[in-house]
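**Student:** Structure provided below as structure tokens; questions to follow.
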Amino acid sequence: MKLYSTNNPSTSVSFKEAVFNSMPQDKGLYMPVTIPRLDDKFINNLDSYTLPEIAFHVAQNLLGDDIPAADLKAIIDDAINFYAPIVELEANVYVLELFHGPSLAFKDFGARFMSRVMSYFLEEGEKQLDVLVATSGDTGGAVALGFLGVPNTRVTILYPKGKVSNIQELQLTTNGQNIRAIEVDGTFDDCQALVKQAFTDKELNEKFRLTSANSINIARLIPQTFYYFNAYAQALKQGKSKVVFSVPSGNFGNIGAGILAWKMGLPVEQFIAATNANDTVPEFLKTGVYQPKPSVATLSNAMDVGNPSNWVRIADMFKNEPEKLKGLITGYRYDDEETVKAIQQVYDHYQYVVCPHTAIAWQALKDYQQDKHTSADVAGIFLSTAHPCKFPDVFTKEIASHIDIPEQVKDIQSKKKLSVELGTDFEGFKDYLLKNG
């Protein structure tokens, strides 16, 4: 597998190099030189494969011989060892539950696959790998658990102070061992800016072997395609061969993976980009003007991103046909009041509890189905990206009483928070890294 930078298509690096040097020095993002199209026989018979079998086939087609088949299969069987069911709530409305992994968020797919790939490529005696990651909520917990105890690696997680839920913060700050947490007095965009600047800082790169675990890393994006193929496989089992995906969108890695799956041949009728008040992309889809703006805090905090990193990947996949991009993706945005209302409606209609991000995806799907008068043979699937127990403050007492609290959440609530507080200035962050190397 060869990859190029979105800022310089003439570059060519191996998968291993892209994994460890997750962001090119020209500040683009890595993309595959060629995106393979899976054969029709596989696509049409997806319903006869398990999730690990689908994941192996997709990954092998993308990676080629970068990882031998037996090793790749072992990585996937270890990383993707939980399920991701679609659940029918009403006719043509399905929820794809992506919160059954260890950190209770969809990011377990990317973080677990990436950590095992990095561990596989790390050779004995090599310099310790320093993983820097900015999180708006769920990425940090998934990365922490994905890398916890992995030899010769150290993870530093930056998160915005007061802007993640209590459960999310505990997932970031109670691990110890090779996991460090930094509480930044700013926004997610500030955290992300610090990480990006670190990757281009000469002194830090000379002292440390830096890489990213954010969705800018191609090893995070690839495994996120798996659940789109698997959701379609489950739809086929229910007699549905036409699907629309509604995706709660913040940094746009999730929907970017879906579009990569579409490029590989997955027959998706439409993608719905569902955002909160941070609506840079829906505005672009309406006006044609891409105007990043400072992020604002919302109840759906993992989507509080004003300048989505992964949008450049999506735009790059359509660089020769921009109108096709606008035809494939429809954007919707909702404020906190509409989010709370959607949570209540989902509960009232189905006796089903959704987190704020998932509620936005459900509302966008319902609005799209109404706006476009979708036909009876098109299944709408909205992605549930996190377990509702992570957001206890947004629910009424009645709804909260219907949330099952998983054992791993009960365990971390008794642990002590371990974090360092820093401001948003890069010199302070750099000084911390150098003094704690």
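The values are calculated or read from the model by the stated rules, or taken from the named source; none is laboratory data. In this text the structure is predicted, and so the values were computed from the model without any measurement. Note: ideal-geometry Cβ built from the backbone for every residue, glycine included; neighbour counts use all protein chains shown. Note: areas computed on protein heavy atoms with side chains; ligands, DNA, RNA excluded. Shrake-Rupley method; radii C 1.70, N 1.55, O 1.52, S 1.80 Å.
**Student:** Which residues, counting only those in segment 3-26, are surrounded by 16 or more Cβ atoms within 10 Å (Cβ to Cβ) and in contact (Cβ under 8 Å) with a residue 24 or more places away in the chain?
**Tutor:** First pass over segment 3-26, keeping only residues surrounded by 16 or more Cβ atoms within 10 Å (Cβ to Cβ): 3-6, 11, 13, 15-16, 18-24.
Passing the criteria: Leu3, Tyr4, Ser5, Thr6, Phe15, Lys16, Ala18, Val19, Phe20, Asn21, Ser22, Met23.
**Student:** Shifting gears a bit: I need the full set of residues from segment 1-17 which are in contact with a helix residue (DSSP H, G or I) (Cβ under 8 Å, 6 or more places away or on another chain) and either part of a loop (DSSP other than H, G, I, E, B) or within 18 Å of Ala198 (Cβ to Cβ) (or both), in order please.
**Tutor:** Selection gives Met1, Thr6.
**Student:** Name the residues in segment 46-67 that are over 23 Å from the mean Cα position of the chain (by Cα) and either more than 21 Å from Leu260 (Cβ to Cβ) or among the charged types (D, E, K, R) (or both), would you?
**Tutor:** Scanning segment 46-67 gives Asp47, Ser48, Asp65, Asp66.
**Student:** So Asp316 fits all but one of (1) touching a Leu at 6+ places or on another chain (Cβ under 7 Å); (2) surrounded by fewer than 21 Cβ atoms within 10 Å (Cβ to Cβ); (3) among the charged types (D, E, K, R); what number is the exception?
**Tutor:** Here Asp316 clears every test but (1).
**Student:** Output the residues belonging to segment 40-51 that are of a type outside the set (A, V, I, L, M, F, W, C) and either without any contact (Cβ under 8 Å) to a residue 12 or more places away in the chain or in contact with a helix residue (DSSP H, G or I) (Cβ under 9 Å, 6 or more places away or on another chain) (or both). Even if it seems obvious, please write down each step before you answer.
**Tutor:** Start the filter on segment 40-51 by keeping residues that are of a type outside the set (A, V, I, L, M, F, W, C), which leaves 40-41, 44-45, 47-50.
Matches in segment 40-51: Lys41, Asn44, Asn45, Asp47, Ser48, Tyr49, Thr50.
**Student:** What's the number of the only condition in (1) crowded, with 16+ Cβ neighbours inside 10 Å; (2) farther than 26 Å from Pro282 by Cα that Ala359 fails to meet?
**Tutor:** Ala359 satisfies all of (1) crowded, with 16+ Cβ neighbours inside 10 Å; (2) farther than 26 Å from Pro282 by Cα except (2).
**Student:** Mind checking which residues of segment 100-120 are in contact with an Asp or Glu (Cβ under 9 Å, 6 or more places away or on another chain), of a type outside the set (D, E, K, R) and over 20 Å from Gly256 (Cβ atoms)?
**Tutor:** If the condition is that a residue be in contact with an Asp or Glu (Cβ under 9 Å, 6 or more places away or on another chain), of a type outside the set (D, E, K, R) and over 20 Å from Gly256 (Cβ atoms), then His100, Pro102, Ser103, Leu104, Tyr120 are the ones that fit.
**Student:** Mind listing just one residue for me: the one in segment 136-155 that is surrounded by fewer than 24 Cβ atoms within 10 Å (Cβ to Cβ) and part of a strand (DSSP E or B) and, of those, modelled with the highest pLDDT?
**Tutor:** Just the residues of segment 136-155 that are surrounded by fewer than 24 Cβ atoms within 10 Å (Cβ to Cβ), to begin with: 145, 148-154.
Within this subset, residues satisfying the condition of being part of a strand (DSSP E or B) are 153-154.
Working: Thr153: 92, Arg154: 95.
In this case the residue turns out to be Arg154.
**Student:** (1) open to solvent by 20 Å² or more (accessible area, probe 1.4 Å); (2) in contact (Cβ under 8 Å) with a residue 24 or more places away in the chain; (3) in a loop (DSSP other than H, G, I, E, B); (4) farther than 27 Å from Gln25 by Cα: which one isn't true of Glu88, the others all being true?
**Tutor:** The single condition Glu88 does not satisfy is (3).
**Student:** Tell me which residues, restricted to segment 322-351, are open to solvent by less than 70 Å² (accessible area, probe 1.4 Å), of a type outside the set (Ser, Thr, Tyr) and farther than 18 Å from Ser136 by Cα.
**Tutor:** Just the residues of segment 322-351 that are open to solvent by less than 70 Å² (accessible area, probe 1.4 Å), to begin with: 325, 327-332, 334-336, 339-340, 342-347, 350.
Subsequent filtering for residues that are of a type outside the set (Ser, Thr, Tyr) retains 325, 327-329, 331, 335-336, 340, 342-346.
Across segment 322-351, the qualifying residues are Leu325, Gly327, Leu328, Ile329, Gly331, Val340, Ala342, Ile343, Gln344, Gln345, Val346.
**Student:** Here's something else I'd like to know. Collect the residues in segment 159-194 that are of a type in the set (Ser, Thr, Tyr), within 23 Å of Ser309 (Cα to Cα) and open to solvent by 10 Å² or more (accessible area, probe 1.4 Å), keeping them in residue-number order.
**Tutor:** Going residue by residue through segment 159-194, those that are of a type in the set (Ser, Thr, Tyr) are 159, 165, 173-174, 187.
Then drop every residue that is not within 23 Å of Ser309 (Cα to Cα), which leaves 159, 165, 187.
Answer for segment 159-194, where residues must be of a type in the set (Ser, Thr, Tyr), within 23 Å of Ser309 (Cα to Cα) and open to solvent by 10 Å² or more (accessible area, probe 1.4 Å): Ser165, Thr187.
**Student:** What number of residues within segment 391-437 are part of a loop (DSSP other than H, G, I, E, B), out of contact with any Leu (no Cβ under 9 Å at 6 or more places or on another chain), farther than 28 Å from Phe208 by Cβ and open to solvent by less than 70 Å² (accessible area, probe 1.4 Å)? Explain how you work it out, then say what you get.
**Tutor:** Here is the first cut: in segment 391-437, the residues part of a loop (DSSP other than H, G, I, E, B) are 391, 395-396, 401-406, 413-419, 423-425, 436-437.
Retained after the next criterion (residues that are out of contact with any Leu (no Cβ under 9 Å at 6 or more places or on another chain)): 395-396, 401-405, 414, 416, 418, 423, 436-437.
The next check asks that each one be farther than 28 Å from Phe208 by Cβ; those that pass are 395-396, 401-405, 414.
Those left that are additionally open to solvent by less than 70 Å² (accessible area, probe 1.4 Å): 395-396, 403.
The total comes to 3.
**Student:** Among the candidates Pro85, Pro68, single out the residue that is at pLDDT 95 or above and closer than 26 Å to Pro151 by Cβ.
**Tutor:** Values: Pro85 fails: closer than 26 Å to Pro151 by Cβ.
Going through Pro85, Pro68 in turn, the sole match is Pro68.
**Student:** Same structure, new question: Kindly evaluate Tyr49 against the criterion of being open to solvent by 20 Å² or more (accessible area, probe 1.4 Å), at pLDDT 95 or above and closer than 21 Å to Met317 by Cα.
**Tutor:** So Tyr49 fails the test.
**Student:** Can you pull out the residues in segment 156-165 that are of a type in the set (Ser, Thr, Tyr) and assigned to a strand (DSSP E or B)?
**Tutor:** Once the filter is applied, which keeps residues that are of a type in the set (Ser, Thr, Tyr) and assigned to a strand (DSSP E or B), segment 156-165 yields Thr156, Tyr159.
**Student:** Determine which single condition Met114 fails, assuming it passes every other condition in (1) open to solvent by 30 Å² or more (accessible area, probe 1.4 Å); (2) within 17 Å of Gly253 (Cα to Cα).
**Tutor:** (1)
**Student:** Tell me, which residue of segment 122-135 that is part of a strand (DSSP E or B) and aliphatic (A, V, I, L, M) is farthest from Ala193 (Cα to Cα)?
**Tutor:** Filtering segment 122-135 for residues part of a strand (DSSP E or B) gives 129-134.
With the extra rule that they be aliphatic (A, V, I, L, M), the set shrinks to 129, 131-134.
Details: Leu129: 20, Val131: 15, Leu132: 12, Val133: 11, Ala134: 9 Å.
Checking each candidate, the answer is Leu129.
**Student:** Considering Ala84, Ala91, Ala74, Ala70, which residue is among the small types (Gly, Ala, Ser), under 28 Å from Ala376 (Cα atoms) and over 17 Å from the mean Cα position of the chain (by Cα)?
**Tutor:** Numbers: Ala84 fails: over 17 Å from the mean Cα position of the chain (by Cα); Ala74 fails: under 28 Å from Ala376 (Cα atoms); Ala70 fails: under 28 Å from Ala376 (Cα atoms).
Of the residues listed, the single one that is among the small types (Gly, Ala, Ser), under 28 Å from Ala376 (Cα atoms) and over 17 Å from the mean Cα position of the chain (by Cα) is Ala91.
**Student:** May I pose another question? Every residue in segment 13-45 that is more than 18 Å from Ala213 (Cα to Cα) and in contact with a Phe, Trp or Tyr (Cβ under 6 Å, 6 or more places away or on another chain), please.
**Tutor:** Residue satisfying the conditions is Val33 alone.
**Student:** If you don't mind, another one. Take segment 166-185 and flag every residue that is assigned to a helix (DSSP H, G or I) and in contact with a Pro (Cβ under 8 Å, 6 or more places away or on another chain).
**Tutor:** If the condition is that a residue be assigned to a helix (DSSP H, G or I) and in contact with a Pro (Cβ under 8 Å, 6 or more places away or on another chain), then Asn166, Ile167 are the ones that fit.
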